[in-house]
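*Asks:* I have a structure I would like to understand better, so I am pasting it below and will then ask my questions one at a time.
The values are calculated or read from the model by the stated rules, or taken from the named source; none is laboratory data. The shown structure was predicted, so the numbers you read here are calculated from the model rather than taken from an experiment. With ideal geometry, Cβ positions are generated from the backbone for all residues, glycine too; neighbour counts draw on all protein chains shown.
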Amino acid sequence: MDRPWGLVFIWVLSPLWISLFSGSHLVLGKAELTWTRRAAAEAEAVAAISCSGHGMAFVDGVRDNGRPVCECNNCYSGPDCSQFRPNCSADATSGDPLFLQPYWRRHAEGSAVVISGWHRMSYDADGRPYMTLELERHIRLLHKLVGNAAAEGKQIVFGAGSTQLLNAALHALAPDNSSSPSSVVATVPYYPAYQTQTEYWRSKVFEWKGATAEWLNSTEASTKDFIEFVTSPNNPDGRWQAPALAGSAVIHDRAYYWPHYSAIKSPADDDLMLFTLSKITGHAGSRFGWALIKDVKVYNKILQYIDTDTLGISRETQLRALKVLKQTISQIKKSEDMFRFGYSQIRNRWIKLNAIVSSSDRFSLQKLSPEYCNYFRTTRDPSPAYAWVKCERKADEDCSSAIRAGGIIPRAGTLYGADSRYVRLSLIRSQDDFDQLLTRMKALTAQ
């Protein structure tokens, strides 16, 4: 179907569904819809394509005879994704937050948005460069309602996910007049991108120097400028973290400090905090994140980095982020609360995996305890985004290989600076992925 001239139509959902429009006589408020009709019809038609619950079709997907084809989940194939491939390995690698897809399918109407062909064509918006004021306002409101971060009085910078902001923050915190590059460190196990990005850019003002433990009692440490990544709750093990080196400049990665992953204890009030839309609403493909910054000089340096690197973040991305955050905010502490939905999903997955692992002495999981959560106003069970698995048998020293041999694709613990006896298994992928993970783990523990 041809699209109308000058119009781009986007569904702002994890699975890209829309049910905003329901008939041929389309009315929004008092205005009858005109130039959006054809796009709405196309959206509805694609959303109605059946992929057997194991895949999805998209407006921008590959087409067969003019019809978008189903994109199947891992281990499923066929025109309608109905064919299960029993010898397929369970994918537990990435932190792709597809566990929230069912929520956004239920809230198609509240998260849909139409983008006209002339929408914000300029570099600037609201009389300022790169960032829309309405999105910034809703980010501050979200933090206030959730109670996970003190946003008032801080500057906000948008980035392409938190990934872009990691490097921007390093550039901002590295001293301008130092005779040697700053030493970038993190506590094991740490998010691999801290190391890979730092080494990739080969900067003259900072360099990767490994684990904080290597510097705690070092006489050389007093002569260096340290920049420390602190992830809390931590990726991969969900534990609370604090800076390890006294006097270090700290980048606080708060990607998982949301009610579906951890207890909300108090508003974090760190000097520099990073957040990402992907781990809040599940919209990883939108590539949107933000930094909360106290120091104006650091803020200006990060803003300058984003300016130099990408001239800001896509306007379409910002509009999608605004729409899904509005929907999220509208349901906070109501029956359709996204955080409560997400918490229930991950908590149940954690309980099921724990039951399987504890039935054998072959593997063990990280120890996490129930904690009081200010958001839910009750003590909540653990619901980590990842299982940090240790292979306990001597023969399984290479845990990644042992897990792979059992038909599961993990992330090796060595990527996180840890021992080879550890692997990370994702608990936030699709339900199909998790079901396959459970099946494979049952077989492995029985060996």
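*Asks:* Given the range 291-404, what strands (runs of 3 or more DSSP E) lie entirely inside it while holding 2 or more residues that are more than 30 Å from Ala446 (Cβ to Cβ)? Working first, answer last.
*Replies:* Details: elements: 363-365, 371-373, 378-380, 386-391.
Result: 371-373, 378-380.
*Asks:* Of the numbered conditions (1) touching a strand residue (DSSP E or B) at 6+ places or on another chain (Cβ under 8 Å); (2) hydrophobic (A, V, I, L, M, F, W, C); (3) crowded, with 21+ Cβ neighbours inside 10 Å, Phe434 satisfies every one except a single condition; which is it?
*Replies:* In the conditions (1) touching a strand residue (DSSP E or B) at 6+ places or on another chain (Cβ under 8 Å); (2) hydrophobic (A, V, I, L, M, F, W, C); (3) crowded, with 21+ Cβ neighbours inside 10 Å, Phe434 misses (1) alone.
*Asks:* Regarding Leu415, is this residue under 27 Å from Thr196 (Cα atoms), in a helix (DSSP H, G or I) and in contact (Cβ under 8 Å) with a residue 12 or more places away in the chain?
*Replies:* Values: under 27 Å from Thr196 (Cα atoms): yes; in a helix (DSSP H, G or I): yes; in contact (Cβ under 8 Å) with a residue 12 or more places away in the chain: yes.
Spelling it out, Leu415 is indeed under 27 Å from Thr196 (Cα atoms), in a helix (DSSP H, G or I) and in contact (Cβ under 8 Å) with a residue 12 or more places away in the chain.
*Asks:* crowded, with 20+ Cβ neighbours inside 10 Å, among the polar types (S, T, N, Q) and within 24 Å of Ser122 (Cα to Cα), is that true of Ser286?
*Replies:* Details: crowded, with 20+ Cβ neighbours inside 10 Å: yes; among the polar types (S, T, N, Q): yes; within 24 Å of Ser122 (Cα to Cα): yes.
Judged against the criteria, Ser286 is a match.
*Asks:* Same structure again: What pairs come up if the first residue lies in the range 29-43 and is in a loop (DSSP other than H, G, I, E, B), the second is surrounded by 15 or more Cβ atoms within 10 Å (Cβ to Cβ) and modelled with pLDDT of 85 or more, and their beta carbons are under 9 Å apart, counting only those six or more places apart or on different chains?
*Replies:* Leu33/Ala40
*Asks:* Can you give me the ranges of the strands (runs of 3 or more DSSP E) entirely in the range 90-207 with at least 2 residues that are over 22 Å from Asn300 (Cβ atoms)?
*Replies:* On the way: elements: 113-116, 155-159, 182-186.
Hits in the range 90-207: 113-116, 182-186.
*Asks:* Looking only at the range 283-304, which residues are free of Cβ contacts under 8 Å to residues at least 12 places away in the same chain and either under 13 Å from Leu166 (Cα atoms) or polar (S, T, N, Q) (or both)?
*Replies:* Asn300, Gln304
*Asks:* Of the conditions (1) under 22 Å from Asp91 (Cα atoms); (2) free of Cβ contacts under 8 Å to residues at least 24 places away in the same chain; (3) hydrophobic (A, V, I, L, M, F, W, C), Ala395 fails just one. Which one is it?
*Replies:* (1)
*Asks:* Here's something else I'd like to know. For the range 272-282, indicate whether the set of residues that are free of Cβ contacts under 8 Å to residues at least 24 places away in the same chain and not in a helix (DSSP H, G or I) is non-empty.
*Replies:* First, pick out the residues of the range 272-282 that are free of Cβ contacts under 8 Å to residues at least 24 places away in the same chain: none.
No, the range 272-282 contains no residue that is free of Cβ contacts under 8 Å to residues at least 24 places away in the same chain and not in a helix (DSSP H, G or I).
*Asks:* Taking into account only those residues within the range 52-74 that are hydrophobic (A, V, I, L, M, F, W, C) and under 23 Å from the mean Cα position of the chain (by Cα), which is surrounded by the fewest Cβ atoms within 10 Å (Cβ to Cβ)?
*Replies:* Residues of the range 52-74 that are hydrophobic (A, V, I, L, M, F, W, C), as a first pass: 56-59, 62, 69-70, 72.
From the residues that got through so far, the ones that are under 23 Å from the mean Cα position of the chain (by Cα) too are 56-58, 72.
On the way: Met56: 22, Ala57: 23, Phe58: 17, Cys72: 21.
This residue is Phe58.
*Asks:* Conditions: (1) of a type in the set (A, V, I, L, M); (2) crowded, with 20+ Cβ neighbours inside 10 Å; (3) in contact (Cβ under 8 Å) with a residue 40 or more places away in the chain. Leu368 meets all but one. Number of the miss?
*Replies:* Here Leu368 meets the rest and fails (2).
*Asks:* Scan the range 76-90 for residues that are out of contact with any helix residue (DSSP H, G or I) (no Cβ under 6 Å at 6 or more places or on another chain) and either buried (at least 18 other Cβ atoms within 10 Å of the Cβ) or at pLDDT 95 or above (or both) and jot them down.
*Replies:* Going through the range 76-90, the residues out of contact with any helix residue (DSSP H, G or I) (no Cβ under 6 Å at 6 or more places or on another chain) turn out to be 76-89.
Within the range 76-90, Tyr76, Ser77, Gly78, Pro79, Asp80, Cys81, Ser82, Gln83, Phe84, Arg85, Cys88, Ser89 meet the criteria.
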